[in-house]
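Asker: Attaching a single structure in structure tokens format; questions to follow.
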Amino acid sequence: MMIDKDTAPASSENDPIDPMDRELSTLEIHHAVMREASDPDEAFDPGPRWFYVLSIVALVVAGFYLGQHMGVFGTTAHIGYLPPGVPRGAEVAAAKTAGPSISGATVYNGKCSSCHQPNGQGVPGAFPPLAGSPFVVEDPAIPVRIVLRGLHGQIEVEGATYNGVMPAWADLLTDAEIAAVVSHIRGKLGDNKAEPVKEDFVARIRQETASRTTPWTAEELKGGNP
């Protein structure tokens, strides 16, 4: 039996396929989830503005009150209970008015001790000792001249001969600092007990030796040359 191709039903393999018949809608996939209510969350509540304004005003008023009525962080309230020998309020105020004092030991440790050693004994063969040196403890003008203008050449101290150069400190130390350090080495190093020197004494020698452009020699210092 012959079948006319024009009247025969189309094969299923040749039927056009609509993709939407086999695809699920995105809304259908998430429909179950969309039915769920959203999870509750805590909302941010900044609170009333008047509370912040009141807090700021309270802090300003408290700061002003403490600034006007709070005591100072000092020992004034306990001055009457200080043991003997401790400076009282008037003494401390007078010391502040007079200005800070210069420590000769501090200047020595910062400028001199690396060569002459903290105890003033020097380094054998390199740097002469200051403790017991006649150049230090005898004529007070000699150590001041050395510190101001320097020293070079041979120098004999306690039977040992040294030959080196000491730099001048006139441009690096003030008269007060030189007076303090010279007083320290004359009266505190080793057994040295010589009298201290004053700032005006250093100022006078600085002026007298202002034209000096080279370091001293031991012979010049012994001869008393200015």
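The values are calculated or read from the model by the stated rules, or taken from the named source; none is laboratory data. Note that the structure is a prediction, hence the values are computed from the model and not measured. Backbone-built Cβ (ideal geometry, glycine too); neighbour counts: all protein chains shown. Side chains are part of the model used for accessible areas, which takes the heavy atoms of the whole protein and leaves out ligands, DNA and RNA. Shrake-Rupley method; radii C 1.70, N 1.55, O 1.52, S 1.80 Å.
Asker: Heavy-atom accessible area of Ser211 with all protein chains present, probe 1.4 Å, nearest 10 Å²?
Answerer: It works out to around 100 Å².
Asker: Taking only the alpha-carbon positions of the range 112-219 and ignoring solvent, what does the Debye formula give for the base-10 log of I(q)/I(0) at q = 0.11, 0.14 Å⁻¹?
Answerer: -0.30, -0.50
Asker: While we're here: Can you list the residues, at least 5 places off or on another chain, whose amide H is less than 5 Å from the amide H of Gly132, using H built in the peptide plane?
Answerer: Answer set, sorted by chain and number: Asp191, Asn192.
Asker: What order do Tyr52, Tyr108 take when sorted by accessible area (1.4 Å probe), most exposed first? Don't skip to the end; give the middle numbers.
Answerer: Numbers: Tyr52 120, Tyr108 0 Å².
In descending accessible area the options line up as Tyr52, Tyr108.
Asker: For an R0 of 45 angstrom, estimate the FRET efficiency from the Cβ-Cβ distance between Asp171 and Ser55 and round to the nearest 0.05. All intermediate terms of the calculation are to be shown ahead of the outcome.
Answerer: Values: r = 60 Å, r/R0 = 1.33.
Once the sixth-power term is evaluated, E becomes 0.15.
Asker: Which far-off residues, 5 or more places away or on another chain, put their amide H under 5 Å from the one on Gly153, with H placed in the peptide plane?
Answerer: Correct list: Gly164.
Asker: Still on this structure, I have one more. Toward the positive end of the charge dipole of the range 132-223, about the Cα centre and with charges on Cβ (Lys, Arg +1; Asp, Glu -1), which of Ile146, Gly159, Val202 goes farthest?
Answerer: Going by the charge dipole, the pick is Val202.
Asker: Also: Give the calculated FRET efficiency between Lys188 and Thr213 to the nearest 0.05, with a Förster radius of 25 Å applied to their Cβ-Cβ distance.
Answerer: Values: r = 32 Å, r/R0 = 1.27.
Taking R0 as 25 Å, the efficiency between Lys188 and Thr213 is 0.20.
Asker: Sort His184, His152, His31 by accessible area with a 1.4 Å probe, largest first.
Answerer: Values: His184 35, His152 70, His31 100 Å².
Final ranking, largest accessible area leading: His31, His152, His184.
Asker: Residue-wise, which Karplus ³J(HN,Hα) couplings in Hz belong to the range 108-125, taking 6.51 cos²θ - 1.76 cosθ + 1.60, θ = phi - 60°, and x for glycine or proline?
Answerer: Once rounded to whole Hz, the list reads 4, 5, x, 10, 10, 5, 5, 9, 8, 6, x, 8, x, 8, x, 10, x, x.
Asker: Report the local net charge at Ala170: Lys and Arg +1, Asp and Glu -1, summed over other residues whose C-beta lies under 15 Å from its C-beta.
Answerer: Working: positive: Lys111, Arg145, Arg149, Arg204, Arg206, Arg212; negative: Asp171, Asp175, Glu177, Glu199, Glu208.
Every neighbour counted, the sum reads +1.
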